[in-house]
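Colleague: The following block contains the structure, expressed as structure tokens.
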Amino acid sequence: MSSERSTAVFGLGAAELIAAYRSGELSPVEVMGAVLSQAGKREGELHALCAMDAEGALAAARASEARWRAGTALALDGVPVTLKENIAVPGASYRLGTAATADDATADFEAPPAARLREAGAIAWARTTMPDYGMLSSGLSSLYAEPARNPWNVVMTPGGSSAGAAAAGAAGYGPLHLGTDIGGSIRLPAGWCGLVGFKPSHGRVPIKPGYAGRVAGPLTRTVEDAALMLAVLAQPDARDPTQLPPGSVTPRPLELHGLRIGLMLDAGWGDAVQPEVEAAVVAAARAFEQAGAIVEPLAPFTTREMADGIDRFWRMRSWLDISALAPEQRAKVLPYILGWVAPAAGYDGGTVFRGYSQMQALREAANAACEPFDFVLSPVAPMPAYPAHLASPLHDPARPFEHIAFTLPYNMSEQPALSINAGFTSSGLPIGLQIIGRRFDDAGVLALGAAWERLRSEQRPWPFRESPP
């Protein structure tokens, strides 16, 4: 295959691949080979993958090719997809991004999102890297020799905790990547890598294990592909007792004229929004306004008490897990994480309960604040990507979450939220725009994201090639 054709193949979206398979213009075997080749070229600098099964992927591609020829193809048949390392697959490594787990730790069940993708014929050919226990917004991990890096500038982080998924998506490791999100872990890396990252309404995508705020969702290069992937993921699975009733997630028709949009530029706590980020988000709001939408400011509704309370609850939850480890295993946890959980050893029951209660307080505040609007716009993060060797922008375990003030509320409120590229900094780093909808309106959020793709200025070419020295 020529290098030009290979680039064209691995850079195609899922919808484009399905059309090419249907017409016979491309085969899943050719596409899988091109994706494997691209990953081989970029992995040396990006560190996006923790496992890859090339032989199994090519065998699955041959089986998919046979189904396309026989007219029995499935919804995502032959489309390459990566799975974040904490998405359980029977027999696959299940170390949760930390060296503290046993070297031979594997999953003994198949998580619902992995099952839905497999049933739809997608080829799960690789697993993507993540930080220790998924508790960082970077790719820094005690398990891997190098952190995941951002294809737009490999000095920088792709974000996290779906770190490898975002790096793989921006670098052309196929069109579909599955991440998870409890406070921004899909949207932050998507924003910092210029991708579409969708955090669905809680329960829209059944998941196991589940807990407050945790969802799984797509990281893709287009809204069309995110919607295509979500339609497969949002199928029933009784193992998740929080699953929503079946419903369409196909982007609904959307008239921009008269649409009420809230614009939030101050989260009420956390790091201040940097000027280039604010300018890009304001420009997006003005573009919607020029298209006929009514844009109004949305005042902050999140408080420091909410943020700190949730932080304390998360510290205690993680401290219980880490303190249960044998001393020699505990010592392997990333030092930043150990420093973050340490104060929890002194918390009493009242402290933990009050922290837990702030999740409900934030849920109520977010839903009430967003109710007057059809949608809300905000930055994804106050800043662009930061250096890859840092655990967080401040790299301070005493202040670990100052950068998630715009994303955290919608995990607690269970509202759908989308990260999509709004533009670039003067140094060429992507800036993320967050689109938030009312609870259950996943289809509307995707529709507004598609509208933004039509309104925004021409995007820069994806960083598929190796970075210069």
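Colleague: Could you pull out which residues in the stretch 75-95 have an amide N less than 20 Å from a spot 7 Å beyond the Cα of ARG62, following the Cα-Cβ vector?
Modeller: Label zone hits: 77-81.
Colleague: Order these by the 10 Å Cβ neighbour count, fewest first: TYR336, TYR347.
Modeller: TYR347, TYR336
Colleague: Which of the lysines could a cross-linker span from LYS41 if the Cα-Cα distance has to be under 19 Å and same-chain partners fewer than 8 positions apart are dropped?
Modeller: Cross-link targets: none qualify.
Colleague: For ARG204, what residues show an amide H to amide H distance below 5 Å, using hydrogens built from the backbone and excluding near sequence neighbours?
Modeller: LEU244
Colleague: Which lysines does LYS199 reach when only Cα atoms under 23 Å apart count, and residues fewer than 8 places away in its own chain are ignored?
Modeller: LYS84, LYS208
Colleague: According to the square roots a ≥ b ≥ c of the eigenvalues of the Cα gyration tensor, what is the shape class of the stretch 1-131, taking rounded for a/c under 1.5, prolate for a/b larger than b/c otherwise, and oblate for the remainder?
Modeller: oblate
Colleague: Using a 10 Å cut-off around each Cβ, can you sort ASP396, ASP225, ASP108, ASP374 from fewest to most neighbouring Cβ atoms?
Modeller: Result, fewest neighbours first: ASP108, ASP396, ASP374, ASP225.
Colleague: Starting from the amide H of VAL295, placed 1.01 Å from N in the peptide plane, find each other amide H under 5 Å away whose residue is 5 or more places distant or on another chain.
Modeller: ILE261
Colleague: Just tell me the longest site-free run in the chain, where the sites are GluC sites (Glu not before Pro) in a DSSP loop having at most 15 other beta-carbon atoms within 10 Å.
Modeller: On the way: sites that count: GLU25, GLU255, GLU458, GLU466.
It works out to 26-254.
Colleague: Got the relative contact order for the chain handy, in percent, Cα pairs under 8 Å and 6 or more residues apart?
Modeller: 17
Colleague: Additional query: What whole-number distance in Å separates the alpha-carbon centres of the stretch 368-438 and the stretch 287-322?
Modeller: 9
Colleague: What order do you get for SER248, SER357 when you list them from fewest to most C-beta neighbours inside 10 Å?
Modeller: Arranged by neighbour count, lowest to highest, SER248, SER357 become SER248, SER357.
All of the numbers you see were taken from the coordinates with simple rules; none came from a lab. Everything numeric here is computed off the predicted structure, so don't read it as measured data. Cβ atoms come from the backbone with ideal geometry, glycine included; neighbour counts cover every protein chain shown.
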